[in-house]
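Input: a single structure, listed below in structure tokens.
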Amino acid sequence: MSEYKKFVGTEEIIEGVLSKPSVFKAKEKLYPEYIPPSLPYREEQIRLLAQYFKPLLYSPGSISQRVFLHGPVGVGKTVTARTFGNVFTLKAKSKGINLQYIHVNCHRDRTVYNVVMEIAKHLRIPLPQRGLSAFELYAAILEYLEDNDIYVILALDEFDYFVKVSGSDALYFFIRTYDEYPEYTKRISFVLIGRSLTELNSLDSATSSYLLRHMIAFKPYTSKELKDILKQRMKLAFWEGTVEEDVISAIAEIVGVDKGGDGNARAAIELLLRAGEAADYEGSPRVTLEHLRKAYASLAGIESSSYMIIAKDMILHLPLHELLIYAAAIKALKRSGRQYVRIGDVESEYEMLCEIFGERSRGHTQVYEYIRDLKQRGLIDTKTSGKGYRGRSTLIGIFNVPLDQLEKEVLKLIEQYTHKR
Ligand SMILES: Nc1ncnc2c1ncn2[C@@H]1O[C@H](COP(=O)(O)OP(=O)(O)OP(=O)(O)O)[C@@H](O)[C@H]1O
Ligand SMILES: [Mg+2]
């Protein structure tokens, strides 16, 4: 017998990871930069964009359009502008018009010079590297557009950064390009993208009144809308049947604006991605609610281990029977694999646990009292049953902690209590 410890070869380790099956068939379709084939619930915004930019196709050069898109974080402003730009420029092409859509992220490009260079790069205009000011370079670009019969829609995304760094004069400079030369062919139009209307306050009144004329609002998504958006992504990114239906509903409920979330589609899609990664990490063939709980705990900025410390702290002072009910809820949820269970199921688990630990179970009213307390402490979530359940009853769910770990901690405490007696 060799006394040397046998180590696993590097190739074997890598091979093991590579050959491991995955729930994803195209993970990149969940990444923020991916543009989906359709944008559910943004039809009206696309229709308005088409309406506002229609003159560019029917009488090109007649106007320099300015449209302002606004809405809170993750509601599809960027993806809608890009999608519109891609499709609209193709339409122009089919009409023999050379229209280019240029999307500038002002978070990165905050000066006139940066923006001008982005335009030059997109159009592959050879510009002298030295000697010209940003304004002169812009003039050179306008000339190039004229000489080559090109039209441009310039999107300034997160334009508030541009204004903060370069001032509102700089923005004024762009969007009023043609005011001084009304006889010129108007070759550049603008889409401005911002988080809220108050961003217009930092602009002078002439500029903001320009923008106020053509505004398109983006509202936070409801849970129903998110559900459809998530289903679309699920079909694109995961192998069929690998994501449990409840996972999609649960994400939609956490994030939906009607359920107290912020209606942010980016956050919803990221949760789905992380839940899938948690499933892959464990080698699970399906993405379950438990994977989602783990993803959620990690995204909330709390490592699940330190999260457990917080949860442990909170349960430390609960009376024994409240702990038993908490454990019963965890068991019932694990058993069902669903997002919520009926209070009746929790009660029967509770009675079983009482028997196991040799405790006399408390009556109905007391049980309800404990459940109300658990809810107030934020340890469980309750709601009244609606569709999909027979009769009306209280439903119980636990969201923010992985149940496996939680169950261990709660049972450990219960054992400590009961052994002392
Ligand atoms: N209606 C939709 N259908 C499909 N995917 C969507 C939809 N709306 C948003 N998304 C997706 O959600 C994510 C966030 O969207 P987007 O980046 O456009 O938000 P935003 O409004 O620009 O947010 P921010 O203000 O943070 O820049 C992207 O991955 C995008 O593809
Ligand atoms: Mg954006």
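The values are calculated or read from the model by the stated rules, or taken from the named source; none is laboratory data. All of these numbers come straight from a predicted model, not from anything done at the bench. FYI the Cβ positions are ideal-geometry reconstructions off the backbone, even for glycines, and counts take in every protein chain you see. Just the protein is used for accessible areas: all its heavy atoms, side chains included, with ligands, DNA and RNA removed. Shrake-Rupley method; radii C 1.70, N 1.55, O 1.52, S 1.80 Å.
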Can you tell me which residue in region 229-249 is nearest to Gly337 (Cα to Cα), limited to those that are open to solvent by less than 10 Å² (accessible area, probe 1.4 Å) and in contact (Cβ under 8 Å) with a residue 40 or more places away in the chain? Val247
Name every residue in region 18-61 that is within 28 Å of the chain's Cα centre (by Cα) and among the aliphatic types (A, V, I, L, M), in order of residue number. Val23, Ala26, Leu30, Ile35, Leu39, Ile46, Leu48, Leu49, Ala50
Can you tell me which residues in region 321-350 are surrounded by fewer than 16 Cβ atoms within 10 Å (Cβ to Cβ) and either in a helix (DSSP H, G or I) or over 35 Å from the mean Cα position of the chain (by Cα) (or both)? Arg335, Ser336, Gly344, Ser348
Would you confirm whether any residue within region 114-121 is assigned to a helix (DSSP H, G or I), farther than 25 Å from Thr78 by Cα and either out of contact with any Asp or Glu (no Cβ under 7 Å at 6 or more places or on another chain) or assigned by TED's automatic domain parsing to the domain that holds Ser209 (or both)? no
Is at least one residue of region 33-41 under 18 Å from Phe238 (Cβ atoms), of a type outside the set (D, E, K, R) and assigned to a helix (DSSP H, G or I)? no
Among the residues of region 73-100 satisfying the criterion of being within 15 Å of ligand 1 (Cβ to nearest atom) and not in a helix (DSSP H, G or I), which is farthest from Lys29 (Cα to Cα)? Val73
Subset of region 186-202, residues surrounded by 21 or more Cβ atoms within 10 Å (Cβ to Cβ) and either outside any helix (DSSP H, G or I) or modelled with pLDDT of 90 or more (or both), comes to Arg187, Ile188, Ser189, Phe190, Val191, Leu192, Ile193, Gly194
Give me a count of the residues in region 59-80 that are hydrophobic (A, V, I, L, M, F, W, C), more than 9 Å from ligand 2 (Cβ to nearest atom) and surrounded by fewer than 22 Cβ atoms within 10 Å (Cβ to Cβ). 1
So, in region 201-242, exactly how many residues are away from ligand 1 (no atom under 16 Å from the Cβ), within 27 Å of the chain's Cα centre (by Cα) and farther than 17 Å from Ile153 by Cβ? 4
Look at Gln45 and say whether it is outside any loop (DSSP other than H, G, I, E, B) and surrounded by 16 or more Cβ atoms within 10 Å (Cβ to Cβ). yes
When you check Phe162 against the structure, is it closer than 30 Å to Tyr113 by Cα, within 16 Å of ligand 2 (Cβ to nearest atom), not in a loop (DSSP other than H, G, I, E, B) and not acidic (Asp, Glu), yes or no? yes
With crowded, with 20+ Cβ neighbours inside 10 Å and farther than 22 Å from Thr198 by Cβ as the only criterion, which of Leu171, Leu154, Leu142 stands out? Leu154
Extreme residue, most open to solvent (accessible area, probe 1.4 Å), among residues of region 250-278 that are more than 14 Å from Tyr296 (Cβ to Cβ) and of a type in the set (Gly, Ala, Ser): Gly260
Quick one: which residue in Pro21, Pro32 is at pLDDT below 95, touching a helix residue (DSSP H, G or I) at 6+ places or on another chain (Cβ under 8 Å), open to solvent by 100 Å² or more (accessible area, probe 1.4 Å) and outside the structural domain of Thr89 (by TED's automatic domain parsing)? Pro32
Yes or no: Gln51 surrounded by fewer than 16 Cβ atoms within 10 Å (Cβ to Cβ) and either away from ligand 2 (no atom under 16 Å from the Cβ) or assigned to a helix (DSSP H, G or I) (or both)? yes
